[in-house]
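What follows is a set of notes on a single structure, which appears directly below.
Please treat every number below as a calculation from the coordinates, not as lab data. All figures in this text were calculated on a predicted structure; none of them were measured in a lab. We place every Cβ from the backbone using ideal geometry, glycine too, and count neighbours over all the protein chains shown.
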Amino acid sequence: MSPTEIIVAVAIAVGIAGIIVPVLPGTLLVLGAILVWALEIGTSTGWVVFSLATVLLAAGTVVKYLVPGRQLKASGVPNKTLLVGAVLAFVGFFVIPVVGMFIGFVLGVYVAERARVGAAQSWPSTKVALKAVGVSIMIELVAAFLAAVAWVVGVVVT
């Protein structure tokens, strides 16, 4: 492997890690790494792989919002609840390093749902919101893995 391919592989791995632990813009890192590789090799194979990765990651981004959004809408969890969760996740990220984002999101969704539907229904609504976020992460992760596989095939072919 060339030094560029090693750097690109590491950047793709960091991007995938950024999807699992949403601190880094994972999808953009994966796409950017593949773009760097395509620019470096400058062949039609490189550009085909980059185009395929772009389509896969763009489709993953669209689907990651559509599928969980439908689940949340069907269960009655409003966007305002997710906004409160996101705000507390942001605060938690700075208050408790590493895990604060996750704790803040769960706490924010729970507090917003408790205010909206009361104590009895707040935890079931929170679980629905957490499941939707998990599905969203999985969809984005699958798209990134598929883009990474396309890149690996491109490296092997060239």
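Yes/no per residue for (1) under 14 Å from the mean Cα position of the chain (by Cα); (2) over 29 Å from A13 (Cα atoms); (3) crowded, with 18+ Cβ neighbours inside 10 Å:
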| position | (1), (2), (3) |
| --- | --- |
| I103 | no, no, no |
| Y110 | no, yes, yes |
| R114 | no, yes, no |
| Q121 | no, yes, no |
| L141 | yes, no, no |
| V153 | no, no, no |
*May I ask you to list the residues in region 24-83 that are within 15 Å of V128 (Cβ to Cβ), of a type outside the set (A, V, I, L, M, F, W, C) and not in a helix (DSSP H, G or I)?*
G76, P78
*Residue check, I6 assigned to a helix (DSSP H, G or I), exposed (fewer than 15 other Cβ atoms within 10 Å of the Cβ) and of a type in the set (A, V, I, L, M, F, W, C)*: yes
*Scanning region 123-139 for residues that are crowded, with 17+ Cβ neighbours inside 10 Å and not hydrophobic (A, V, I, L, M, F, W, C), which turns out nearest to T45 (Cα to Cα)?*
S136
*asked:* Among the residues of region 113-149, what is the count of those that are in a helix (DSSP H, G or I) and over 22 Å from V67 (Cβ atoms)?
replied: 9
*In region 9-23, what residues are in a helix (DSSP H, G or I) and either among the polar types (S, T, N, Q) or surrounded by fewer than 20 Cβ atoms within 10 Å (Cβ to Cβ) (or both)?*
A9, V10, A11, A13, V14, A17, G18, I20
_Residue list for region 39-97, filter: surrounded by fewer than 21 Cβ atoms within 10 Å (Cβ to Cβ) and of a type in the set (S, T, Y)_ = T43, S44, T45, S51, T54, T61, Y65, S75
